[in-house]
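Report on one structure; see the data block that follows.
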Amino acid sequence: MSAIVSDYFPREAFIPFHNRAERFASLVCHRRAGKTVACINELTARALYTPKHNARYAYVAPFYRQAKDVAWVYLKEATKGIAIKIREADLRVELPNGAWITLYGADNPDALRGLYFDGVVLDEFGDCRPSLWAEVILPTLMDRRGWAIFIGTPKGKNHFYKINQRATKEASWFQMTLKASESGLLDPLDLEEMRGQMTEDQYLQEMECSFEAAVRGTYYADIIQKLEENGQISDTVYYDPTLEVFVASDLGFTDSTAMWFWQLGPDGPNIIDYHEASGEELPYYFDMLLSKNYKYDTIWLPHDARAKTLATKRTTVEQFLDEGFPVNIAPKLAIQHGIDAARKMIHTTRINSIACADGIEALRAYRRKYNDITKAYSNSPLHDWSSNGADAFRYFALVTQEGLQVAPKATTVVPILKAPEYTLDELFKDRDNGNWQGRILRL
C-alpha cells in the first residue's frame, strides 16, 4: 500500500493520547476540546496500519442519530481520498486494506451482539446503559484482543466515573483529563462568557471536568450519593431467607423490563436484587423469578398488565397467575406523584450495591427533559435507558407505605372495567364489512 497523507493535525493536548501503548483509555474532556475528532482519527490511523486481516473498528454513541449527526461527517473527512467504499446507509467506510470502520448507537445494542472488533470508541459513555460495556462491547474484543476508548464529560459519579477511576489506577489503562482552565484550547474571553451564562455547577461539570458538581435535572442523583456516603448502599444488604420477597416491575412491551426485589426489615425496606432485560418474552421472566429461589409475597405489575396481548389473547396478569405467582396491580397515579413518593421512600431504604448496580445507575441517571429553546427543565422525565429501572422504582415506592407496611397481596386481580372482548381481527373484519361503527357503539 502506497504512503497515505492525512489532513489531520492533532491538537498538542491529544498527542500523548495518540502515542499511548495501553490497551484501554479514558478521556475526560471539556466541551469543544475536540475529543470526538481525535478519536475518529485514531480509529482511522489504527485501521489503516493494522496487521490484522479483515479488521473491524467501531464508534458507538448513546444514540444512532447522534452518531450520524456528530461523528459521520468527521469520519468521512478523516477518510477522504482514502476510503474505497462509503456506505451511507450503514454509516460505514471500507479502507484499502479491507478494514471497516462503522458507527453504531447504544440505543440498539443488539446490532453489536455477535460481532468482533479490533478497536472501539465509546463516546459519552455516561449516557449509555451501564451494562453496555461488560455485556455487549467487551465480548466483541476478546478473541482478537481489541482495544477500547471511553470518552465523555462528567455527569456525576456514574459508570463513566467508575471507569475513569479504574483508568487512574491500572497499568493497562491510559487516562487523560482536559480541563478548560488548563488545556489552552479555548479563548479565555469565551470561557468567561460561558461562565457568565452557566450556573457554577454547570460550568464545573462541563468545562472543568468535575465529577463532584451537582448533575442538572436529575431526580435522585443527590440522594443516591448521600445513601452511599451513609452506608445505605453497600454489599452488606443481604437476602434473609426467613422473610418473603416483594417485587416491583415495569414490563416493557417495546423496550426493557425492570424488576426490583426487596424485603421489609425492622428499619425499612432492604432492596436485595435487581434484574433488567430486553427483547424477552414472559417465559424468560418466569424462569428468572423461579431461579432465584425466593419466597414471593407479592409481585407488583404495572397497570397495563391487564391488557391482552395479540399473540396470546390473554393478559399478562393471567399468565403470571397461571404460573402460580402471587400478583397484584400497582396504583396508576401521575408520574410526578410516584417520583415524589420515591424521593421520600428512598431515604429509609437500604440497597445491595452489587446485585442492584445497574438499577442504582438507572436511578442516578434518571432526569428531566431539557428544553433547548426555553433553556429550562420540564416537569416530565426524559425517556432513555434509565426510564425502566426508575419506573419500576416508582411502583416500589407507591406500594410501600411509610417504609414498613405494604398493601395486602391479592391472589386474583379484578379489572376496574371489563369491556366486551373485541380483538383487532374482529375490528378489521367489521371494517371490511362496513359494520365497525355499529360494533364500536355497542361497546
Item to complete: Identify the residue in region 131-161 that is small (Gly, Ala, Ser) and in a helix (DSSP H, G or I) and, among all such residues, is farthest from ARG216 (Cα to Cα).
Response: ALA134
Practice prompt. With respect to ALA111, determine if the residue is farther than 25 Å from ASP201 by Cα, modelled with pLDDT under 95, hydrophobic (A, V, I, L, M, F, W, C) and not assigned by TED's automatic domain parsing to the domain that holds GLY389.
Written response: yes
Response to the item:
Within region 278-302, residues free of Cβ contacts under 8 Å to residues at least 40 places away in the same chain and loosely packed, with under 14 Cβ neighbours inside 10 Å come out as GLU280, GLU281, PRO283, TYR284, ASP287, LEU290, SER291, ASN293
Response to the item:
Here the residues within region 304-322 that are within 17 Å of PHE246 (Cα to Cα) and free of Cβ contacts under 8 Å to residues at least 40 places away in the same chain are PHE320
Worksheet item: Just one of the numbered conditions (1) over 30 Å from CYS356 (Cα atoms); (2) out of contact with any strand residue (DSSP E or B) (no Cβ under 9 Å at 6 or more places or on another chain) is not true of GLY114; which one?
Response: (1)
Worksheet item: In the list ALA248, ALA221, ALA214, ALA258, which residue meets the criterion of being without any contact (Cβ under 8 Å) to a residue 60 or more places away in the chain and under 18 Å from ILE360 (Cα atoms)?
Response: ALA214
Worksheet item: Is it the case that ASP273 is among the acidic types (Asp, Glu) and buried (at least 18 other Cβ atoms within 10 Å of the Cβ)?
Response: yes
Worksheet entry | Condition broken by GLY252, with the remaining ones in (1) surrounded by fewer than 17 Cβ atoms within 10 Å (Cβ to Cβ); (2) modelled with pLDDT under 90 satisfied | (1)
Worksheet item: Is it the case that region 87-105 has a residue that's in contact with a Lys or Arg (Cβ under 8 Å, 6 or more places away or on another chain) and modelled with pLDDT under 95?
Response: no
Item to complete: Please find, within region 255-268, the residue that is nearest to ARG350 (Cα to Cα) out of those that are crowded, with 17+ Cβ neighbours inside 10 Å and modelled with pLDDT under 95.
Response: GLY268
Worksheet item: Here are some residues: VAL327, VAL317. Which one is in contact with a Lys or Arg (Cβ under 7 Å, 6 or more places away or on another chain) and in the same structural domain as LEU264 (by TED's automatic domain parsing)?
Response: VAL317
Worksheet item: Within region 202-209, is there a residue that is touching a Phe, Trp or Tyr at 6+ places or on another chain (Cβ under 7 Å) and either surrounded by fewer than 18 Cβ atoms within 10 Å (Cβ to Cβ) or farther than 30 Å from SER380 by Cβ (or both)?
Response: no
Worksheet item: Inside region 188-213, can you point out the residues that are under 25 Å from ASP340 (Cα atoms) and either among the acidic types (Asp, Glu) or in contact with a Leu (Cβ under 9 Å, 6 or more places away or on another chain) (or both)?
Response: ASP201, GLU212, ALA213
Discussion item. If ASN164 meets every condition in (1) under 26 Å from ARG92 (Cα atoms); (2) assigned to a helix (DSSP H, G or I); (3) at pLDDT 95 or above apart from one, which number is that one?
Written reply: (1)
Practice prompt. Return yes when ALA305 is at pLDDT below 95, assigned to a helix (DSSP H, G or I) and farther than 17 Å from MET345 by Cβ and no when it is not.
Written response: yes
Practice prompt. Confirm whether ARG314 is surrounded by fewer than 21 Cβ atoms within 10 Å (Cβ to Cβ) and under 27 Å from HIS347 (Cα atoms).
Written response: no
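The values are calculated or read from the model by the stated rules, or taken from the named source; none is laboratory data. Remember, it's a predicted structure, so these values are computed and weren't measured experimentally. Note that we place each Cβ from the backbone using ideal geometry, even for glycine, and neighbour counts take in every protein chain shown.
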